[in-house]
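Peer 1: Next up is a structure, given as structure tokens.
The values are calculated or read from the model by the stated rules, or taken from the named source; none is laboratory data. What you see is a predicted model; the values in this text were computed from it and never measured. No Cβ is skipped: glycine too gets one built from the backbone with ideal geometry, and neighbour counts run over all protein chains shown.
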Amino acid sequence: MKTPNVSTIQVLLIYKETNKVDAWGHVHIQENDSIHAYSDILYYDGKTKNAELIKNARLEDGNKTLYSETLRYNIRDKIGSYNSGGKLVMDSTVLTSKKANYYTNTKIVHFKENVEITDPNYRLISDTLHYLTNTKVAKFFGPTTIYNDSSTIDCVLGSYDTEKEIASFGKGTVINNAPQQLLADSLYYERFRAFGKLSSILIGWILKWK
């Protein structure tokens with residue numbers, strides 16, 4: 001039976017009949033040079049290629065680390081996931097949610113339920129969000145609110161380049177920049193340039209935020 005590259009300082013049990021591996025201790029799975037998974041307990045199924053990592057579980061991929069008390073990593077499909085709460089930490093940005101799937105080949109994470117991004121420059125709350133870790137672009141597919149130091153944006157569908165702070169939102173966008181409040185059918189906004197375009201009742205109105 002071919003098993004993953006597993007190291008542990010306590011117990012490693014290999015069941016050839018069922019093609020399974022159990023491990024206890026400081027478990028470490030290494031995939032290629034960049035993927036490392038850690039936990040206190042491991043249950044690995046060689047047929048499905050699913051590794052269940054329990055207690056103090058984390059999946060590291062370069063500067064990105066996925067944390068949860070229970071993580072699953074499919075070695076064949078290269079997908080790390082959690083279903084009962086966890087977070088992704090990348091540099092100074094932290095993304096939390098109830099559920100997540102991290103696709104290590106594409107470096108894209110799908111977050112679902114109670115999604116929140118905290119960053120020194122902004123805070124974002126959403127229901128469903130896809131995060132492209134290579135470009136730091138967040139794409140959201142449900143009610144979403146973005147907070148920064150001077151304003152908030154409520155929307156349902158759109159994308160936000162968190163590195164360049166460029167936003168594009170669809171119908172039903174509400175911008176709160178006290179004392180102003182604007183309702184737009186669509187919005188394109190570049191925060192560093194303090195420039196944006198929105199279309200609403202006032203078609204083609206140019207928005208400049210400071």
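One line per residue, one yes/no per condition, for (1) farther than 24 Å from THR118 by Cβ; (2) part of a loop (DSSP other than H, G, I, E, B); (3) touching a Gly at 6+ places or on another chain (Cβ under 7 Å):
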site	(1), (2), (3)
HIS28	yes, no, no
ILE41	yes, no, no
GLU52	yes, no, no
ASP77	yes, yes, no
GLY80	no, no, no
LYS87	no, no, no
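Peer 1: Now for a different question. Restricting to the range 197-207, what's the tally of residues that are in contact with an Asp or Glu (Cβ under 7 Å, 6 or more places away or on another chain) and at pLDDT 70 or above?
Peer 2: 1
Peer 1: Are any residues in the range 106-123 at pLDDT 95 or above, of a type in the set (S, T, N, Q) and in a loop (DSSP other than H, G, I, E, B), and if so, which ones?
Peer 2: The answer is THR106, and nothing else.
Peer 1: Against the conditions (1) modelled with pLDDT of 85 or more; (2) over 24 Å from the mean Cα position of the chain (by Cα); (3) of a type in the set (Lys, Arg), where does ARG193 fall short? Just the number, please.
Peer 2: So the condition that ARG193 fails would be (1).
Peer 1: Under the condition of being under 16 Å from the mean Cα position of the chain (by Cα) and small (Gly, Ala, Ser), which residue from the range 115-157 is farthest from ASN101 (Cα to Cα)?
Peer 2: If we take residues in the range 115-157 being under 16 Å from the mean Cα position of the chain (by Cα) and small (Gly, Ala, Ser), then GLY142 is farthest from ASN101 (Cα to Cα).
Peer 1: Considering only residues that are of a type outside the set (Ser, Thr, Tyr), surrounded by fewer than 16 Cβ atoms within 10 Å (Cβ to Cβ) and touching a strand residue (DSSP E or B) at 6+ places or on another chain (Cβ under 8 Å), which ones fall in the range 117-129?
Peer 2: Matches in the range 117-129: ARG123 only.
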